1. Starting at the first residue of the stretch 46-53, write each ³J(HN,Hα) from the Karplus equation 6.51 cos²θ - 1.76 cosθ + 1.60 with θ = phi - 60°, in whole Hz, x for Gly and Pro.
2. May I ask you to compute the full-extension gain from residue 13 to residue 68, defined as 0.36 nm times their residue separation minus their alpha-carbon distance, rounded to one decimal in nm?
Amino acid sequence: MPDSRARRARHRDTPRIVAISAQAIGFILIVLFETLLPEHLKRPSQGLVLVAMLVAALYAALLRRYYRNRSLKRRDHESFHDQ
């Protein structure tokens, strides 16, 4: 069973993994759309992928902030009770 430090490290990596995966998948989709879709569908489809990539990046940033604030709050709470 992993200790709490390992679990916290995993939570910290999750937003980064989400952001990197979204960027990679988005880039692959944009290239595929450029090569496979008819001319009139390329730009709108690529725009939708770009919006999805931006939403994923925003989600990852908010998730990182949430985990950081939760960690700080826990640390402050523990230091208050140690006194």
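Rule-based calculations on the coordinates, nothing more; no lab input. In this text, all values refer to a predicted model and were calculated from it rather than measured experimentally.
1. Values per residue, Gly and Pro as x: 5, x, 5, 5, 4, 4, 4, 5 Hz.
2. Values: separation 55, 0.36 × 55 = 19.80 nm, distance 1.17 nm.
Going from the current span to full extension adds 18.6 nm.
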